[in-house]
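Following: one structure in structure tokens, then a few remarks.
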Amino acid sequence: MFDPITEAVEYTQGGDQDTALPILQKCLEQDLRCIDAYAHLGGYYLDDSRSKWLTRKALKCYSAGVAVGERALPHGFDGLLRWSWVNNRPFLRALTA
């Protein structure tokens, strides 16, 4: 099964972030709730922090991912989101960046 996030991560790990970037951007074009795309884009911009502008762009990506995740939590949630639960990882990536 095709997973664009995994494909983008594989390109990034292979040193080809320029190919990964449009894949992640397309994920957000298709669904603005894609927390993992925000988290990985944030990492892309932060790794390429040649300027304060890119650093601010990274923080905006992380913040957007956190906002999407927080809206998905039940009102008053004060529980624990475990890393071992794979579906929690995109939110936790964005939150801990």
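What follows is calculated from the coordinates using simple rules that are stated; it is not laboratory data. Since we're looking at a predicted model, the values are computed, not measured. Counting neighbours? That spans all protein chains shown, and the Cβs are built from the backbone with ideal geometry, glycine included.
Computed extension gain for ASP16 through ARG71, at 0.36 nm per residue and net of the alpha carbon distance, reaches 16.5 nm. Count Lys and Arg as plus one, Asp and Glu as minus one, and take only other residues whose Cβ is under 14 Å from that of GLY65; the net charge is then +3.
Look at the dipole of the chain built from charges on Cβ: of CYS27, LEU59, GLY76, the Cα furthest out on the positive end belongs to GLY76.
Put simply, the chain fits an ellipsoid with semi-axes of 23, 16, 12 Å; these come from the alpha carbon gyration tensor as the roots of five times its eigenvalues, largest first. For VAL9, what is the net charge nearby, where nearby means another residue's Cβ is under 15 Å from its Cβ and Lys, Arg count +1, Asp, Glu -1? Value of the local net charge: -4. So how tilted is helix 17-30 from the main axis of the chain? Cα-based, degrees 0 to 90, rounded to 10. Roughly 40 degrees, rounded to the nearest 10. FRET efficiency for the pair GLU29 and LEU81, taken as 1/(1 + (r/R0)^6) with r the Cβ-Cβ distance and R0 = 30 Å, rounds to 0.65. Residue-wise HN-Hα couplings along region 69-75, as the Karplus relation 6.51 cos²θ - 1.76 cosθ + 1.60 with θ = phi - 60° gives them from phi, are x, 5, 5, 7, 7, x, 4 Hz; Gly and Pro carry x. Taking every alpha-carbon pair under 8 Å whose residues sit at least 6 apart, the chain reaches a relative contact order of 24 percent. Computed per residue of the chain from DSSP H runs no shorter than four, each worth -39500 (n - 2.57), the mean residue ellipticity at 222 nm is -21500 deg cm²/dmol. When the Cα positions of LEU95, GLN13, ALA39 are compared along the charge dipole of the chain, LEU95 comes out farthest toward the positive end, with charges on each C-beta of Lys, Arg, Asp and Glu. With respect to the chain, whose longest principal axis is taken over its alpha-carbon atoms, helix 4-13 is tilted by about 50°.
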